[in-house]
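Here the structure comes first, spelled out in structure tokens, and everything after it is commentary.
The values are calculated or read from the model by the stated rules, or taken from the named source; none is laboratory data. Keep in mind that this is a model prediction, so the values were computed, not measured. Backbone-built Cβ (ideal geometry, glycine too); neighbour counts: all protein chains shown.
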């Protein structure tokens, strides 16, 4: 991996003269952060370093942390017989036989899949022809709500005027079934399963050539095998039974849809492994995960009105930010959509907040700027128009990336000149490897942050550390999508 490919967090813009957070404070927090890191990595922790969790606020299981390395090692040793090998084989089968794949799962499952797709697929992937997509199927997501018209419209799209004998009309169903699968997901699965069986009618020549085009991803191996025998599904791939809810993106739940649309899931897992290595070995002060969590924790505990926020400058990462918000809210115990959070678990800054926070930001908000340095496509030049109807001819020699870079620089400069804190989370470029880093770092950050309220050695959040008050404290996180 080139050095420039590592995702970095730079808090230098937070440590301003007179700021509520200083580098010295972060250094003083190092012992607590190291103790929590040991807990997350399941290393031994000396007695007394971290308090036992409140029973009402149990910390998340960290099975997710070792999953990337476990899957990669298994793949190296067993290739096609490994979980990753079976995922790749199934993805190839789907690509060869259908032109649409419908993934049915709950909000948490779909938000992770959407993050993968938006970050690494072409922006209008589903609207491209099959040849433009390189023979990869379109991908559709369903099951997040009880909207009758949405599921009816999807079934109409998949079946009306279409024939299973034509490759461009064929579709498959990927059901993500976990112990926490909710009613909307089950209903969507039922309706789509019925429609699929009707679509692939018994007299179709296609049925003789391909098994029932269904894939069921379940939590336990035994459950998968039982379902496979009873329904005749094409193939089933188990998900680790001990994987905590919300952390399954790097299991078959996220990897299979990603592989179907052509993402390099090996590089994705390698990126996650890189993030693990950095988290495990880098000291506080140069550890992106621990520094990000530590700085934000220090800021929020500096006063009752302090809040943190993330400003996302790359459209392809909007879904990743929403996935992180949903995961964070879920793990912090947010069971409702109070305080303006939507069903994806994030609260976007209101128009009034945006007006007051940009370009220099509110004094009580610590913003983290999420940036991608290099664009994937060739830069679009502004260009010259003879009549200059929009008055942009003076910018004719500049490109879109030039203007984006100028906007980012001006925002950060405005913050720093006015003494308002800004951290920077930077990707040199956006690809499977850097996305794997970002998403694994986000999961590690949630695991670390969740353990802070159990440590009674530092300042309490406003209202104390009880389960009733902690969610409101944790909810003070804004998202600004540029």
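Could you grab me the full set of residues in the stretch 426-443 that are outside any loop (DSSP other than H, G, I, E, B), buried (at least 20 other Cβ atoms within 10 Å of the Cβ) and in contact with a strand residue (DSSP E or B) (Cβ under 9 Å, 6 or more places away or on another chain)?
Matches in the stretch 426-443: 427, 434, 435, 437, 438, 441.
Would you pick out the residues in the stretch 119-150 that are surrounded by 20 or more Cβ atoms within 10 Å (Cβ to Cβ) and part of a helix (DSSP H, G or I)?
119, 120, listed by residue number.
Any residue in the stretch 167-174 that is within 24 Å of residue 318 (Cβ to Cβ) and either at pLDDT 90 or above or surrounded by fewer than 16 Cβ atoms within 10 Å (Cβ to Cβ) (or both)?
yes
Return yes or no: is residue 67 in a helix (DSSP H, G or I), at pLDDT 90 or above and surrounded by 20 or more Cβ atoms within 10 Å (Cβ to Cβ)?
In short, yes.
Go over the candidates 281, 206, 231, 301 one by one and state the one that is over 16 Å from the mean Cα position of the chain (by Cα), modelled with pLDDT under 95, in the same structural domain as residue 25 (by TED's automatic domain parsing) and surrounded by fewer than 24 Cβ atoms within 10 Å (Cβ to Cβ).
301
Select from the stretch 274-286 the residues that are in a loop (DSSP other than H, G, I, E, B) and free of Cβ contacts under 8 Å to residues at least 60 places away in the same chain and list them in ascending order.
Once the filter is applied, which keeps residues that are in a loop (DSSP other than H, G, I, E, B) and free of Cβ contacts under 8 Å to residues at least 60 places away in the same chain, the stretch 274-286 yields 282, 286.
Each row is one residue, and each column tells you yes or no for (1) assigned by TED's automatic domain parsing to the domain that holds residue 442; (2) at pLDDT 95 or above; (3) in a helix (DSSP H, G or I).
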position: 9; (1), (2), (3): yes, yes, no
position: 13; (1), (2), (3): yes, no, no
position: 17; (1), (2), (3): yes, no, no
position: 21; (1), (2), (3): yes, no, no
position: 35; (1), (2), (3): yes, no, yes
position: 39; (1), (2), (3): yes, no, yes
position: 50; (1), (2), (3): yes, no, no
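Among the listed residues 362, 349, identify the single one that is farther than 17 Å from residue 414 by Cα, modelled with pLDDT of 50 or more and touching a helix residue (DSSP H, G or I) at 6+ places or on another chain (Cβ under 9 Å).
349
Hey, any hits in the stretch 397-412 for a residue that's touching a residue at least 60 places away in the same chain (Cβ under 8 Å) and within 30 Å of residue 32 (Cβ to Cβ)?
yes
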